[in-house]
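Inspection log for the structure reproduced underneath, given as structure tokens.
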Amino acid sequence: MITTLPKEVILKAVKNCVDVYADPSDFIIDKSIPGYCILAIEGTNETSDWATNLRFLFRREDTHRGFKENATRTITNLVLSYESLEQERTLVLAGHSLGGATATVVADLMLANTPNLHLITLGSPRPGGRGLRKRLKNVEHLRFVHGHDIIPGSAPFLPFLTGYVHTHPMIHLHDEDDKRFDGVEDHNPAYYYKAIEKLLS
């Protein structure tokens, strides 16, 4: 794994992806590490989130419409909650599941005005088309997939019809028991944290 991000920042971002599920807001902003601002976006947690996941069915677009709406809402909430992201800090966008896809689309929306931008996604579905992948090609993106997690490969459903792709190659995190096949259990963000902690040790 090649990255310019310190291990401390990666682990903090991944931990925030776990902790954001218990947070009342849709995201966590963490400025505890000097020089970095970590924005962790909540993943699929409610029935309405699955409606967001399935919204791609209504119209083919370069960016998944549901993820883009979620990203726009996240940025709006961010602006309302915080006056600005300090430009001298490196921004790390992170998310698990729907949160990972949303973080990817947020990166696309913020790219022009945020030069120091990194992405960390855990078990993210495909966020958009080849245009999105082209625009984000120079963004450092750690795209983690744990074990046999089914979400990165299966959603949005019917990728050959939608044209949706992942923007960067995956970093596969091996399960402690590779003989076991549980694509749902492997999607658990806590397992991602444990596997990434082991990878970076």
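The residues in the range 11-33 that are without any contact (Cβ under 8 Å) to a residue 12 or more places away in the chain and either outside any loop (DSSP other than H, G, I, E, B) or in contact with a Cys (Cβ under 9 Å, 6 or more places away or on another chain) (or both) can be counted, and the count is 1. May I ask you to list the residues in the range 187-201 that are in contact (Cβ under 8 Å) with a residue 60 or more places away in the chain and either closer than 12 Å to HIS96 by Cβ or charged (D, E, K, R) (or both)? If the condition is that a residue be in contact (Cβ under 8 Å) with a residue 60 or more places away in the chain and either closer than 12 Å to HIS96 by Cβ or charged (D, E, K, R) (or both), then HIS187, PRO189, ALA190, TYR192, TYR193, ILE196, GLU197 are the ones that fit. For the range 173-188, the tally of residues that are under 18 Å from the mean Cα position of the chain (by Cα) and either of a type in the set (A, V, I, L, M, F, W, C) or at pLDDT 95 or above (or both) stands at 2. Scanning the range 109-140 for residues that are in contact with a strand residue (DSSP E or B) (Cβ under 8 Å, 6 or more places away or on another chain) and surrounded by 24 or more Cβ atoms within 10 Å (Cβ to Cβ) turns up LEU119, ILE120, THR121, LEU122, GLY123, SER124, ARG126, PRO127, GLY128, LEU132.
The values are calculated or read from the model by the stated rules, or taken from the named source; none is laboratory data. Just so we're clear, the structure is a prediction, and the values are computed from it rather than from any experiment. Please note: Cβ atoms are built from the backbone with ideal geometry, for glycine as well, and neighbour counts cover all protein chains shown.
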